[in-house]
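Colleague: My structure is below; once you've seen it, I'll send some questions.
The values are calculated or read from the model by the stated rules, or taken from the named source; none is laboratory data. Predicted model, so just to flag it, every value in this text is computed and none were measured. Glycine gets a Cβ as well: all are built from the backbone with ideal geometry, and neighbour counts include every protein chain shown. In case anyone asks, the SASA skips ligands and DNA or RNA and just uses the protein heavy atoms, side chains included. Shrake-Rupley method; radii C 1.70, N 1.55, O 1.52, S 1.80 Å.
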Amino acid sequence: MTQVTAMLIMFVLYGVLPAAGLYLGYRGIKKVTAPKMLEYRAMPQLGYIPEKSLPQEVKVALAQINEKGEKLRAIYGDTNNDGKIDDNDTVNETYVMIQNLMDRHVPLAVADYRRLHDLDGALAENTKIKHSNVTGKEALLDVLRTINTQFDDLLNASYHQDGQKLLATNRYLQQRFENPATNKNIQEVNNNVGGDIKIEAIENPAGATGESVSAEDIKL
């Protein structure tokens, strides 16, 4: 082993490996001790929010809005039922409203509350806002409850609308395939068609003496 090789091995063993170990250990400790972050897939504008920065009631309300909003976007956005929302779908007013609520109003309300909370958490929890009868926390919950109620109404409307379509389809099929009068008429038509056709035996086409006959002599 040459002197250069020995120095290289010593550098790896006592320089690179310890440094790598310290770095990985630091990353691991940082990941373990980092605050748990919230993520709402249907509302990416919220970004990642520390779990401890929001009250439990707010987190529950946001999770409900996230779940309902995701369903509503698929219902009102995927108008051609191809499983995705793209330029081939027709944008309607309801879909635009849903998008505005999730992309703008909810993130703004949460951001406003977090500023209040960062200024003074106890103030946002317990002090009534001037000229009102609610605290900062209660004001945010009122906003989220209003949106939740609106989403519930939209989901219920979609349920009953699709349910009426199913009932109408069933009524049509029952009338089409289970109507006795219709089936009777179909049977009568079939009987008439079958009864009007008579095929009589060909009367001795070759003639009794084996003489040839013309086509006019063949009787059906």
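Colleague: Do we have Pro35 as of a type outside the set (Ser, Thr, Tyr) and either more than 22 Å from the chain's Cα centre (by Cα) or modelled with pLDDT under 80 (or both) here?
Modeller: Taking the combined requirement at face value, the residue satisfies it.
Colleague: Which of the numbered conditions does Ile85 fail, given that it passes all the others? Conditions: (1) more than 18 Å from Ala42 (Cα to Cα); (2) part of a loop (DSSP other than H, G, I, E, B).
Modeller: Against the list (1) more than 18 Å from Ala42 (Cα to Cα); (2) part of a loop (DSSP other than H, G, I, E, B), Ile85 comes up short only on (1).
Colleague: Same structure again: Can you pull out every residue in region 44-62 that is open to solvent by 50 Å² or more (accessible area, probe 1.4 Å) and either assigned to a loop (DSSP other than H, G, I, E, B) or touching a residue at least 40 places away in the same chain (Cβ under 8 Å) (or both)?
Modeller: If the condition is that a residue be open to solvent by 50 Å² or more (accessible area, probe 1.4 Å) and either assigned to a loop (DSSP other than H, G, I, E, B) or touching a residue at least 40 places away in the same chain (Cβ under 8 Å) (or both), then Gln45, Tyr48, Glu57 are the ones that fit.
Colleague: OK, next. Are any residues in region 63-85 open to solvent by 20 Å² or more (accessible area, probe 1.4 Å) and within 30 Å of Leu123 (Cβ to Cβ), and if so, which ones?
Modeller: Ala63, Gln64, Asn66 - these are the residues of region 63-85 that are open to solvent by 20 Å² or more (accessible area, probe 1.4 Å) and within 30 Å of Leu123 (Cβ to Cβ).
Colleague: Taking into account only those residues within region 88-111 that are closer than 15 Å to Met43 by Cβ and of a type outside the set (A, V, I, L, M, F, W, C), which is most open to solvent (accessible area, probe 1.4 Å)?
Modeller: Here the residue is Arg104.
Colleague: Here is a follow-up. Could you list, in sequence order, the residues of region 63-79 that are over 13 Å from the mean Cα position of the chain (by Cα) and without any contact (Cβ under 8 Å) to a residue 40 or more places away in the chain?
Modeller: Ala63
So that you can scan it fast, the table gives a plain yes or no per residue for (1) of a type in the set (A, V, I, L, M, F, W, C); (2) touching a Leu at 6+ places or on another chain (Cβ under 9 Å):
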| site | (1), (2) |
| --- | --- |
| Glu70 | no, no |
| Ala74 | yes, no |
| Asn81 | no, no |
| Ile85 | yes, no |
| Asn100 | no, no |
| Asp103 | no, no |
| Arg114 | no, yes |
| Val134 | yes, yes |
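Colleague: Does region 119-151 hold any residues that are touching a residue at least 12 places away in the same chain (Cβ under 8 Å), open to solvent by 60 Å² or more (accessible area, probe 1.4 Å) and of a type in the set (D, E, K, R), and which are they?
Modeller: Glu125, Arg145
Colleague: Output the residue which, of all residues in region 88-117 that are part of a loop (DSSP other than H, G, I, E, B) and not β-branched (Val, Ile, Thr), is modelled with the lowest pLDDT.
Modeller: Selected residue: Asp89.
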